[in-house]
Amino acid sequence: MILVNFWSDPLPTFWVTVVPLGLAVASIAAMSIGQRARGSRLTLPIAGALLSYVVATVASPDPYGERSSFLRLLQIVVGASLVAAGNHVARLYPEERLPRVVAGIGGAGLVLSFLPYPGGRRGSSILDAIVSEVYFSQDWGPALFAAVLLLYGVLAVPSPFARRPSRWRERVISRIGHLLLVAFPFALYQLWWERCGGYAVLQIPKGSPLYPAWTECWEEQTLMIEFWLLGSGHVILFAIGVATWMEESLLGKRHQLRELPGA
């Protein structure tokens, strides 16, 4: 199924080697540097890393047709980050429209990532995979996670168009965002257990005909752990950077208004 392939496609080598180091450096920098310009110093490196993935994915050969899945994954990472950042700042600055626009853009990006892409084969979208799980519920964990993620995006789409900020919607989006962070590893674990649980409870000696499959099972678990840590790390760091950048911008705007004559 497309959902299984989407969550477990092999990751490029640079993703599991260079990126963890970059995330660690970015995290240390975010904690060590001062409030001033912290948003840009955190946002720009992560944005550059995400852009480099796009360039590397487009430029690399695609014999197995995995390019679209990887680009869709990047779209989800950026969309979820923008929703989280925009919604957080909107709760702090309810009178400002900028954070609500950012959340709306992120929500639209999330929703579009679930739809079939132009020229894609039938049944290749994440939305098709969610619907198929209603009838074939073997991989219900990732399907349920994807459905909640879609709801996360749908709730954020109307944010820029509301005359007044919707407090209930902002709270629901915030709660769903925290739920997704917690549910992500459980969804991946359910997928791994459904595919490899039979091997996981066995102790197969080296030399057995089943040993290669048993080894591949544990290698896939390691891959999913890396996928969880790196995916969550990108979303969290990018969301923090964008949110901080917006807060700095809005705070500077307020200071400028206060300094105007007659203010």
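The values are calculated or read from the model by the stated rules, or taken from the named source; none is laboratory data. These numbers come from a predicted model, not from an experiment. FYI the Cβ positions are ideal-geometry reconstructions off the backbone, even for glycines, and counts take in every protein chain you see.
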(message) For PRO116, only one of the following conditions fails: (1) under 23 Å from ILE46 (Cα atoms); (2) at pLDDT below 95; (3) under 21 Å from the mean Cα position of the chain (by Cα). What is its number?
(response) (1)
(message) When you check ILE126 against the structure, is it modelled with pLDDT under 90, buried (at least 21 other Cβ atoms within 10 Å of the Cβ), closer than 25 Å to GLN190 by Cβ and of a type in the set (Val, Ile, Thr), yes or no?
(response) yes
(request) Count, please, the residues in region 151-172 that happen to be in contact with a Lys or Arg (Cβ under 9 Å, 6 or more places away or on another chain) and of a type outside the set (Asp, Glu). (result) 10
(request) Could you pull out the residue among VAL89, VAL54, VAL77, VAL16 that is assigned to a helix (DSSP H, G or I), under 14 Å from PHE227 (Cα atoms) and at pLDDT 75 or above? (result) VAL77
(message) Looking at region 143-159 only, could you name the residues that are farther than 30 Å from CYS217 by Cα and surrounded by 19 or more Cβ atoms within 10 Å (Cβ to Cβ)?
(response) TYR152, GLY153, LEU155, ALA156, SER159
(request) Can you work out which of the residues in region 87-112 that are over 16 Å from the mean Cα position of the chain (by Cα) and among the aliphatic types (A, V, I, L, M) is farthest from HIS178 (Cα to Cα)? (result) LEU98
